[in-house]
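Readers should treat all values here as calculations from the given coordinates under stated rules, not as data from a laboratory. Not measured: the values here are computed from a predicted model. Note: ideal-geometry Cβ built from the backbone for every residue, glycine included; neighbour counts use all protein chains shown.
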Amino acid sequence: EPEVTQTPSHQVTQMGQEVILRCVPISNHLYFYWYRQILGQKVEFLVSFYNNEISEKSEIFDDQFSVERPDGSNFTLKIRSTKLEDSAMYFCASSDTSPLHFGNGTRLTVT
Amino acid sequence: AQSVTQPDIHITVSEGASLELRCNYSYGATPYLFWYVQSPGQGLQLLLKYFSGDTLVQGIKGFEAEFKRSQSSFNLRKPSVHWSDAAEYFCAVAPTGANNLFFGTGTRLTVIP
């Protein structure tokens with residue numbers, strides 16, 4: 001069964017550094033998403049992406065965040081200047097209609 | 001305000017016992033409804049979904065859920081729990097016409113021998 005794959009599985013970075021989280025969505029899917037789960041809290045929607053542009057974003061997705069589909073297969077989330085509170089599990093998801101298919105996540109630790 | 005509520009933070013059941021995890025939502029119209037499971041260190045796996053039609057839906061791993069419009073609920077059930085069912089369970093809704101999901105806070109299930 002096709003899967004959404006995310007790399008790396010765990011990333012440690014220092015506060016103020018830029019990080020890029022990478023995702024390979026399922027190949028025939030057209031909608032892409034990023035979600036975040038701070039330890040012990042619920043999964044929160046960050047952004048959705050369709051037709052090479054952001055279709056919806058949450059209040060969390062401020063100017064330090066950006067998404068890109070640099071080629072036909074990858075979907076990336078960039079955090080420009082990481083803060084301690086950005087430490088979380090970041091999930092990528094993709095869909096053609098519904099439901100969403102999630103990757104296993106990238107655990108980001110900001111020190 | 002729109003919301004998804006899972007009132008039970010943590011549930012412990014004995015292996016072989018029945019299980020019901022509660023989920024209530026507050027949205028203007030009937031949204032699409034989902035249950036996902038997350039094993040430790042893993043991603044979110046879809047258990048089942050409800051879009052329309054029969055209000056009792058069957059999912060993977062022997063789970064089922066019942067949509068009750070009058071109660072705005074979508075509770076997850078399993079008649080006999082296995083030790084491997086220990087995980088975090090998330091109810092999620094997609095407002096009709098929207099592509100993104102909104103999750104509840106999750107219920108952690110512990111299974112004791």
Inter-chain shielding metric for B:100-109, i.e. average beta-carbon neighbours from other chains within 10 angstrom, reads 5
Would you be so kind as to identify which of A:Met89, A:Phe45, A:Gly103 lies farthest towards the positive end of the dipole of chain A, taking Lys and Arg as +1 and Asp and Glu as -1 on Cβ and the Cα centre as origin?
-> A:Met89
Would you list A:Tyr90, A:Tyr33, A:Tyr50 from fewest to most Cβ contacts within 10 Å?
-> A:Tyr50, A:Tyr90, A:Tyr33
Cβ-based exposure ranking for A:Tyr31, B:Tyr89, in which fewest neighbours within 10 Å come first | A:Tyr31, B:Tyr89
Computed for segment B:3-112: size of charge dipole around the Cα centre, +1 on C-beta of each Lys and Arg, -1 on C-beta of each Asp and Glu, debye to nearest 20, value 180
Please report, in cubic angstrom per residue, the volume enclosed by the convex hull of the alpha-carbon atoms of the protein assembly as shown.
-> 128
What is the antiparallel percent of DSSP beta bridges lying wholly in chain B, to the nearest 5?
-> 85
Ranking B:Ser73, B:Ile60, B:Gln2 by how far each Cα lies towards the positive end of the charge dipole of segment B:1-107 (+1 on Lys and Arg Cβ, -1 on Asp and Glu Cβ), the top one is B:Gln2
Taking every residue in A:12-18, how many Cβ atoms of other protein chains lie within 10 Å of its Cβ, on average?
-> 0
Relative contact order in percent for chain B (Cα pairs under 8 Å, 6+ apart) equals 37
In percent, what relative contact order does chain A have, based on Cα pairs under 8 Å that are 6 or more apart in sequence?
-> 39
Average partner coverage of B:49-56, which counts Cβ from other chains inside 10 Å = 1
